[in-house]
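See below for the structure under consideration.
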Amino acid sequence: MMPGGAKGKASEPPIVVEKLTKRFGDFVAVDEVSFTVQRGEVYGWLGPNGAGKTTTIRILLGLLKPTSGHCRVLGYDPAREPKAMQARVGYMSQLFTLYKDLTALENIRFYGRAYGLSGRALKERQEEILAMAGLSERRHELTANLSGGWKQRLALGCAIVHHPEVLFLDEPTAGVDPISRREFWELIYAMAERGVTILVTTHYMDEAELCQRVGFIHRGRLIALDTPDRLKEIAMHGQVLEIDTPAPQAALRALLRAKERGRFPLSEVALYGAQVHVVVPEADAWRSALSAFLEKEGIGVHSISWIAPTLEDVFISAVSEPKEQ
């Protein structure tokens, strides 16, 4: 047994996943996925609903058994040693699981006792969690009356009341306003700086940008994995042109029709705010042709410029042309 109770080699990453597969009948929810997460790393698991994100976490928590493949969390096999492992990890689900008829303090106390805390240790931890979540002045407020952002902070506090070494967050900010989401991520990084390993699932592209590494999962398969900046370099098929036009909706429709007819090699056409983004094999080779086409369609063009791809551009590109694993 290693210091602190963790098993395995000291050099082994806290999370190790090797060719993990989970089938439900003929449906493959997770398809030979492999990755590792290092100590103190914030690892993003990015994909649409139904991609396999939650299934992966449930296997890592020991709540589901894999069909094949292996995984280890802190050196434990979750399928065989779930209780020993679960005592050292935290989990915050995408569903709100706190007791709404309890106060913030009562929820923290309940979860602390569930994890074996009592007496002075529990009292000290309660105060630490309330301070971390910014809820010291709201400790006696019913959880049902807290705003979405405060509820998420409280849920995070309850998930880490026992000082876990690994934390699983399953779409933790779904339905929360942007300011509360940003504040929540500040708490995540404060924990990572203290050495907590964090795996967070999300379908928000701006949240994925905040992760140190991001894995793209689509239809159960890991299709790309690296830092956000590196993914923009290696996983993007083509270059992005941003079209500034006074009639973006009309431009979008015209370009989609042109794409369907094969007039231009457009792998993506999408509206981004008041601009239209198109992905072409080479920006310089197609900028003039696209401008001339839109002008001929009676659609004015202020400018067409090459821009660096967003992570959303990269994800759509990777999904459109997945690489073999």
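The values are calculated or read from the model by the stated rules, or taken from the named source; none is laboratory data. Quick caveat: nothing in here was measured; it's all calculated off a predicted structure. Positions of Cβ are generated from backbone atoms using ideal geometry, with glycine treated the same way; all protein chains shown enter the neighbour counts.
Does the stretch 274-296 contain at least one residue that is surrounded by 18 or more Cβ atoms within 10 Å (Cβ to Cβ) and assigned to a loop (DSSP other than H, G, I, E, B)? Looking through the stretch 274-296, none of the residues is surrounded by 18 or more Cβ atoms within 10 Å (Cβ to Cβ) and assigned to a loop (DSSP other than H, G, I, E, B). Consider residue 23 against the criteria (1) more than 25 Å from residue 94 (Cα to Cα); (2) of a type in the set (D, E, K, R); (3) at pLDDT 95 or above: it satisfies all of them except one. Which criterion is unmet? So residue 23 meets the others, but not (1). A single member of 67, 55 is under 24 Å from residue 13 (Cβ atoms), β-branched (Val, Ile, Thr) and within 17 Å of the chain's Cα centre (by Cα), and it is 55. Do we find that residue 58 is free of Cβ contacts under 8 Å to residues at least 12 places away in the same chain and assigned by TED's automatic domain parsing to the domain that holds residue 144 in this structure? Yes; evaluated as a whole, the condition is true for this residue. Test residue 275 against the criterion of being in contact (Cβ under 8 Å) with a residue 60 or more places away in the chain, touching a Pro at 6+ places or on another chain (Cβ under 9 Å) and not hydrophobic (A, V, I, L, M, F, W, C), and give yes or no. It is false that residue 275 is in contact (Cβ under 8 Å) with a residue 60 or more places away in the chain, touching a Pro at 6+ places or on another chain (Cβ under 9 Å) and not hydrophobic (A, V, I, L, M, F, W, C). Residue by residue through the stretch 80-104, note down the ones that are part of a loop (DSSP other than H, G, I, E, B), more than 24 Å from the chain's Cα centre (by Cα) and surrounded by fewer than 16 Cβ atoms within 10 Å (Cβ to Cβ). Correct list: 80, 99, 100, 101, 102.
Candidates in the stretch 297-309 are the residues that are surrounded by 13 or more Cβ atoms within 10 Å (Cβ to Cβ) and touching a strand residue (DSSP E or B) at 6+ places or on another chain (Cβ under 8 Å); of these, the one that is farthest from residue 44 (Cα to Cα) is 301.
One line per residue, one yes/no per condition, for (1) out of contact with any Phe, Trp or Tyr (no Cβ under 8 Å at 6 or more places or on another chain); (2) among the charged types (D, E, K, R); (3) not in a loop (DSSP other than H, G, I, E, B):
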site: 151; (1), (2), (3): no, yes, yes
site: 156; (1), (2), (3): no, no, yes
site: 162; (1), (2), (3): no, no, no
site: 175; (1), (2), (3): yes, no, no
site: 181; (1), (2), (3): no, yes, yes
site: 189; (1), (2), (3): yes, no, yes
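Listed by first and then second residue, the pairs with beta-carbon distance under 8 Å, at least 6 apart or on different chains, first residue in the stretch 189-212 and closer than 22 Å to residue 56 by Cα, second of a type in the set (Lys, Arg) and buried (at least 23 other Cβ atoms within 10 Å of the Cβ), are 201/53.
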